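The values are calculated or read from the model by the stated rules, or taken from the named source; none is laboratory data. Here the structure is a predicted model, which is why all the values come from computation and not from measurement. Positions of Cβ are generated from backbone atoms using ideal geometry, with glycine treated the same way; all protein chains shown enter the neighbour counts. Ligands, DNA and RNA are stripped out before the accessible areas are found, and what is left, the full protein with its side chains, is counted by its heavy atoms. Shrake-Rupley method; radii C 1.70, N 1.55, O 1.52, S 1.80 Å.
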Amino acid sequence: MGWCSPSTPRQLLSTVSLFAFGAGLLAFGIHLSYVNIEPQRARTLARDQFETSVSITGDGDLRQYKAEKLIAEAAGYGSQLVLFPEVFIGGYPHGSTFGLVVGNRTAKGKEDFRKYHAAAIDVPGPEVSRLAALAGKYKVFLVIGVVERAGYTLYNTVLTFDPLGKYLGKHRKVMPTALERVFWGFGNGSTIPVYDTPLGKIGALICWENRMPLLRTAMYAKGVEIYCAPTVDFTASWQASMTHIALEGGCFVLSANQFSRRKNYPPPPEYTFGGLEEEPSPESVVCSGGSVIISPSGTVLAGPNYEGEALLTADLDLGEIVRAKFDFDVVGHYSRPEVLSLVVKTDPKPAVSFTSDAEKTSGG
């Protein structure tokens, strides 16, 4: 079954509900339906937070099984878009130092990286094909964070799939934060997509790169309407950033975070948390969630949730995007390109380019 297109401007009534389940990792869902010429209706669901062991131990198959379980549950609620947190497949190595100090890397740290590298996925690759099949099976748009392996370099990546089971593309995190820069590579302007879909224009930026004003501006210029922000930031300032982005961009913001405890990671001494005076207890919360759905007017439609796993639902009034843009269109009537402008370089930047002898000859 193919996509259908709306025949009227997108607008709807808004309702919000919250379901609490326990502890876990989150996914979002959006339900959209068209009935003749009736207003378009979208429903969002957010599952916040599914506990799971970091994949430094190589549990990629388990994570994909858990992903299917959550996708199926979200689809059962009528979801048409499902969003998972940052590096759901591959895992976020909270507390790990990978044996790094200035001028030295320990043997254990190098082995930890080898395991982390082994747990990452190739894009494209068999895991990507399996995720595409899940999107097709449950007829959802799927946006999911992964650790991508490209040779011997890893990337913090978001993959997007459509309800027909097609892989649409990826976004690589442009700027890893702090120590992340020693185990993740840097994305470039060739992977900053916004996908035009019947749900609206969907795009994603990851964690603190959402704080980069120029990168956000590039997303706004591409017309993003459903702005996905997978993260591991559970601080109050993150909520402020998400509200600001919704207002600034005149878009819906879906921020997906994880909820994890110390027991979800391998025990010491196999896995230790650096920078702490003492090892956390098994029940200590490592990442406390904070998943949230925010409207273009800055209204919090669902969340933030810090209590454990929850299923957040909200109807999106997509007409609110137009109403918000009437007040403030950051790349439209509220821009001053003759004073301030932005150039985004979207071509890939390979480390090595090869030119054939024939091209050299023809070029003189």
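Dividing the C-alpha radius of gyration of the stretch 52-327 by 2.2 N^0.38 Å, with N its residue count, gives 0.98. Ranking R262, R105, R130 from most to least accessible surface, computed with a 1.4 Å probe over the protein chains only, gives R105, R130, R262. Annotation: amide H-H contacts under 5 Å for S96 (H modelled 1.01 Å from N, sequence separation of 5 or more, or interchain): G274.
The DSSP beta bridges internal to the stretch 52-327 are antiparallel in roughly 70% of cases.
So what's the net charge close to F98: Lys and Arg +1, Asp and Glu -1, counting the other residues with Cβ under 15 Å from its Cβ? Its environment carries a net charge of +2. Think of the stretch 52-327 as having a plus end and a minus end, set by charges on the Cβ of Lys, Arg, Asp and Glu; of Y155, I321, P198, Y155 sits farthest toward the positive end of this dipole. Taking the protein heavy atoms of the stretch 52-327 in the context of the full set of protein chains, the accessible area attributed to carbon and sulfur is 58 percent at 1.4 Å. In this structure, the residue pairs whose Cα-Cα separation is over 24 Å, taken from K139/K325; K66/K222; K115/K137; K108/K263, are K139/K325; K66/K222; K115/K137.
Could you give the accessible area per residue of the stretch 52-327, probe 1.4 Å, as a whole number in Å²?
Numbers: 10310 Å² over 276 residues.
Result: 37 Å² of accessible area for each residue.
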